[in-house]
Amino acid sequence: MTDSIAVRHRSLDEIMAGLDVVRQAPQSVGSLALAVRRPEVGTREVLARAELDATAGLVGDNWSQRPSSRTPDRSPHPDMQLNVISSRFAELIAGDDRNAWALAGDQLYLDFDLSVDALPAGSRLAIGDRAVIEVTDQPHTGCAKFAARFGRDAHKLVWTEEGKLLRLRGLNARVIVGGPIEAGDTVRRVA
């Protein structure tokens, strides 16, 4: 899948009217709605099954080849291995077509409360039977591509104080324990 899917841009009123659904996401046990691999820039693969790895992140994703402006040597940032977004917010801004969700550019789409209060940096989530990821302190911000794909109103909202607290644009995480994951897997907080 490439970036050629067109998404109807929701108005700010439409998005605000649906935010209660995002706020009601589970805080202790949720689910993995979607896993997406980005093998190269501009390409997305929606996966039925994926593998998380402590070194590679999501196996087959191009994170390990992407330079980061947040590291001194521009190497991939270890605390930005995974981009995680709320599946409820993805559906709110992109509709029910999961291929359209993938345009957000995140690898994991969770039905889980991603807010700063619910998941401060250092929080860990188990996905499926083995994999564990950890929320990092690196902010995940909307970019011009996000605005072009989902509209200026969606982009503006993620930058508001409420948008940042709810982490509407998502969060960054790293893999602590690798393992297979698939859509529908249970996601739960771990100590």
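Throughout, read-outs are computed from the coordinates displayed, never taken from laboratory work. Fair warning: this is a prediction, and the values are worked out from it, not measured in the lab. We place every Cβ from the backbone using ideal geometry, glycine too, and count neighbours over all the protein chains shown.
Based on the Cα coordinates of the stretch 1-113, what is the per residue volume of their convex hull in Å³?
Each residue corresponds to 124 Å³ of Cα convex hull volume.
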Using Cα springs under 10 Å in a Gaussian network model of the chain, which residue among A173, A148, A25 shows the largest mean-square fluctuation? A148
With 10 Å bins from 0: P(r) over the stretch 50-149, alpha-carbon pairs, percent: 13, 44, 38, 5
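Dipole of the chain, Cα-centred, from +1 at each Lys and Arg C-beta and -1 at each Asp and Glu C-beta, to the nearest 20 debye?
Magnitude of the dipole: close to 320 debye.
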Please work out, to two decimal places, the log10 of the ratio I(q)/I(0) at q = 0.19 Å⁻¹ from a Debye calculation in which every Cα of the chain carries one identical scatterer. -1.42
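Please compute the contact order of the stretch 18-106 in relative form: average sequence separation of alpha-carbon pairs under 8 Å and at least six residues apart, divided by the residue count, as a percent.
Relative contact order comes out at 25 percent.
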Beyond 24 Å, the calculated P(r) of the stretch 93-191 holds a percent of Cα-Cα pairs equal to 24 percent
How large is ³J(HN,Hα), in whole Hz, for each residue of the stretch 38-54 in order, when computed from phi with the Karplus curve 6.51 cos²θ - 1.76 cosθ + 1.60 and θ = phi - 60°, using x for Gly and Pro? 10, x, 8, 4, x, 10, 10, 10, 6, 10, 6, 9, 9, 10, 9, 9, 4
